Amino acid sequence: MMAKKYLIVDDDEMILNRLSLFFEKHGIESSIASNAAEAKDLIEKNSFDLVTVDIILPGESGIELTKWIKSTKGLPVVLLTSLDDSIDVVCGLEIGADDYISKPFDPRVLLARTNAVLRRYQEIGGQDMQQKNIFDTNKRLLKLEGIEYSLSSTEFDFVNILLSEKGKAVSREALYRKMFDKDWHPEDRAIDNIVTRLRKRIEESPQAPKYVVTVRNKGYLIPEGAINTVRG
């Protein structure tokens, strides 16, 4: 299972460091931002599973940042608030924030809240995502988030092999042997070229792919459940 990735947005450096270390101990990768501009830049360049947002930020507020996240990315958001931020909490929840926690808080409680939010997303959105993300072997078609992609023969074989492994990484050598039925040589870049072309076509951010994922020293995978295979 791939590690979850959180973005922590807060102007308090102590909180940023504390939460980052805490999440890391619990197997969660995290990035940090001290204002809305930094957060937006990170969100545009990376893939995150959830964002924690402090309501009070320098410049653009956490409420405005949450509104932007929800309207452009649809990511889960948990607000971090002060005890006297009740009006802002209501505003945040009305624009789509998924939960909130008041400072000071126990990081274990925040972790439980974020896990609960992600479970709700999986339960409610999992089926919808599978309907949006379909690999149709009969039509040789890949449909991701409502966009259809006709695949070349090599792209089709590549995606088909990865999906058949159900989230397990497949090495370049194994991919090459299955796709071309001949021995692979380390200097051969055929698989890497297929990956590069495919990512440019289907990934919103090829530098931070969420469908064709590189696993260091192991190869490539498509996360289990990310795409539903339909066989004709």
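Per the listing Ser30, Ser61, Ser20, Ser34, the residue uniquely outside the structural domain of Tyr211 (by TED's automatic domain parsing) and within 15 Å of the chain's Cα centre (by Cα) is Ser30. Of all the residues in the stretch 25-80, those that are surrounded by 20 or more Cβ atoms within 10 Å (Cβ to Cβ) and touching a Pro at 6+ places or on another chain (Cβ under 8 Å) number 2. For the stretch 18-48, filtering for residues that are in a helix (DSSP H, G or I), within 23 Å of Ser205 (Cβ to Cβ) and in contact (Cβ under 8 Å) with a residue 60 or more places away in the chain leaves 3.
Counting the residues of the stretch 215-232 that are modelled with pLDDT of 85 or more and exposed (fewer than 14 other Cβ atoms within 10 Å of the Cβ) gives 4.
Just one of the numbered conditions (1) of a type in the set (S, T, N, Q); (2) surrounded by 14 or more Cβ atoms within 10 Å (Cβ to Cβ); (3) modelled with pLDDT under 90 is not true of Gln131: (2). Applying the set (1) free of Cβ contacts under 8 Å to residues at least 24 places away in the same chain; (2) in a loop (DSSP other than H, G, I, E, B); (3) of a type outside the set (Val, Ile, Thr) to Gly59 leaves exactly one unmet item: (1).
Only a single criterion out of (1) within 30 Å of Tyr211 (Cβ to Cβ); (2) without any contact (Cβ under 8 Å) to a residue 60 or more places away in the chain; (3) surrounded by fewer than 16 Cβ atoms within 10 Å (Cβ to Cβ) is not satisfied by Val90, namely (1). Somewhere in the stretch 161-182, is a residue touching a residue at least 40 places away in the same chain (Cβ under 8 Å), hydroxyl-bearing (Ser, Thr, Tyr), farther than 19 Å from Asn46 by Cβ and surrounded by 14 or more Cβ atoms within 10 Å (Cβ to Cβ)? The answer is yes; a qualifying residue exists.
Within the stretch 151-170, the set of residues being part of a loop (DSSP other than H, G, I, E, B) and farther than 12 Å from Leu221 by Cβ comprises Leu151, Ser152. If you go through the stretch 7-17 and pick out every residue that is within 16 Å of Ser102 (Cβ to Cβ) and in a helix (DSSP H, G or I), you end up with 1. For the stretch 199-217, check the following and say yes or no: at least one residue is farther than 18 Å from Asn46 by Cα, part of a helix (DSSP H, G or I) and among the basic types (Lys, Arg). Within the stretch 199-217, not a single residue is farther than 18 Å from Asn46 by Cα, part of a helix (DSSP H, G or I) and among the basic types (Lys, Arg).
The values are calculated or read from the model by the stated rules, or taken from the named source; none is laboratory data. Keep in mind the model is a prediction, meaning the values are calculated, not measured. No Cβ is skipped: glycine too gets one built from the backbone with ideal geometry, and neighbour counts run over all protein chains shown.
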